[in-house]
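The values are calculated or read from the model by the stated rules, or taken from the named source; none is laboratory data. Quick caveat, the model's predicted, so the values are computed rather than measured. In this analysis, Cβ positions are derived from the backbone assuming ideal geometry, glycine residues included, and neighbour counts consider all displayed protein chains. Note: areas computed on protein heavy atoms with side chains; ligands, DNA, RNA excluded. Shrake-Rupley method; radii C 1.70, N 1.55, O 1.52, S 1.80 Å.
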Amino acid sequence: MKQVIAFADEFGNNSFKFSTESTHFIIASVIVNYEDLDEFYIEVEKIRSKYFQTGEIKSSKVKDNYKRRLLILDELVKLKFNIYSVVVDKTKLYGEGFKYKRSFYKYLNGILYKELYKTFPQLELKVDEHGGNEFMLEFKNYVRQNHIRTLFEGSEFFVNKSDKELGVQVADFIAGTLGYIFDEHKKSDYSQQFLERLSGKIISINHFPKVYKINEYNETKADEFYSQAITDLSLRSIFDYLDTASPETQQLQDAINFLKVLVRYHESNHYKNYTTAQEFIEHLNVNRESTLSKEQFVNMVGSLRDKGILIGSSREGYKIPANNNEIKKYVQHGNSIVLPLLRRINLCRESILLATNNSLDILDDPEFETLKDIIEKLQP
């Protein structure tokens, strides 16, 4: 895997007084490849001096100046980095224990450590050490106590003051923007625009508690070509897989990341839009030592379909199926490949039967029993 550096910051607090305090706690990690770090710093400094003059890049300085936030996001998303985030809906954390800061942070520490280091086993993580970022300091102590270096060889954890670290400042701005997307007190008519701006940079947003609610993806402005039933079935097949899959190999890690990005695009794009294979491959290559090829990608999609996961495809790319026609396109594609192939196999079989006076049937082998049965049923 490529060596990467992550800059992390938080949004929200541990309060459960939802009438006045945040409904969500969000950790945003800005992931940068080491090879891109110098260029990243140069470009971030240009944005900082343009919009914040002598001060730090901070979400709190922009607040609800939505148009200014959009302008800054438009420039930030041009840079080489990706976003990996954990979003905790505190309103769904049932149990009195979570109301105690120690229990709340312990829960979050376990989530972030597992999710972040599972995805980036070779990671240098930088966080803010001052201000109200209690969680990050707690997380630093958690890592020191629980980090198993034999499993995560090469991982380091650094704490830097945010006024000295431009990457942490970007993480602050991203965390705050995610707050304006998800937190009930911060949501606005601009939330969807913020999500659209960030969607191309997001590797994954991990929501906790991990209860997938299909109805959250319902379309309110659908046409007669949209089927909520097919969309729900497609999403459920993905969520069932993500609940049980373990990234034991690079191929499995690619599959998990692909499905997460697929859901992200479904959430942020119009339900009719496809995303190209190349765009998915660029996402998956973020943390890969070797580049994922188009052939490997296609084989991975095929293996997911073998597991019953519904993935729509066309010449435009891939998407979560949202109607009967998109399922039909996939079947038509398979039909255009399978039937001609079966006919070619049968022609080969008949030629050999003819040449050997029916003494050699290449489909008599036990391993071809099912294939022989299918071909014979296709005979007129």
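List of remarks:
- 3J(HN,Hα) couplings calculated from phi for segment 24-36 with the Karplus curve 6.51 cos²θ - 1.76 cosθ + 1.60 (θ = phi - 60°) are, in sequence order, 10, 10, 10, 10, 10, 10, 9, 9, 10, 5, 4, 5, 9 Hz; Gly and Pro show x.
- Ligands, DNA and RNA aside, residue 197 has an accessible area near 70 Å² when probed at 1.4 Å.
- Pairs beyond 29 Å (Cα-Cα), from 17/106; 101/187; 67/106; 272/307; 186/260; 186/294: 67/106; 186/294
- Between the C-alpha center of segment 327-380 and that of segment 55-92 there is a gap of 57 Å.
- Estimated vicinal HN-Hα couplings, Hz - segment 367-374 in sequence order (Karplus 6.51, -1.76, 1.60; Gly, Pro = x): 5, 9, 4, 5, 4, 5, 5, 5
- For the peptides 293-301, 332-340, the ranking by packing is 293-301, 332-340, with the highest mean count of neighbouring Cβ atoms within 10 Å listed first.
- Exposure of residue 194 as accessible area (Å², to 10), given a probe of 1.4 Å and all protein chains: 0 Å²
- Note on segment 1-99: semi-axes of the ellipsoid equivalent to its C-alpha gyration tensor, largest first and rounded to whole Å, are 30, 19, 10.
- Per residue, the convex hull volume that the Cα atoms of segment 270-363 enclose (Å³): 145 Å³
- Cα gyration tensor shape for segment 228-322, rounded if a/c is under 1.5, else prolate or oblate: oblate
- Long-range amide H partners of residue 323 with built H, under 5 Å: 227
- Accessible area per residue (1.4 Å probe, heavy atoms of protein chains only) ranks 274, 34 as 34, 274, with the largest value leading.
- Contour minus Cα-Cα distance for residue 249 and residue 20 (0.36 nm per residue): 78.0 nm
- Each Lys and Arg contributes +1 and each Asp and Glu -1, all at the Cβ; summed about the Cα centre of segment 326-378, the dipole is approximately 420 debye.
- Binning the alpha carbon pair distances of segment 326-378 at 10 angstrom intervals from zero yields the distribution 23, 44, 22, 9, 2, expressed in whole percent.
- Largest-first ordering by accessible area, 1.4 Å probe, given options 84, 66: 66, 84
- Gyration tensor (alpha-carbon) shape descriptor, segment 1-53, a/c threshold 1.5: oblate
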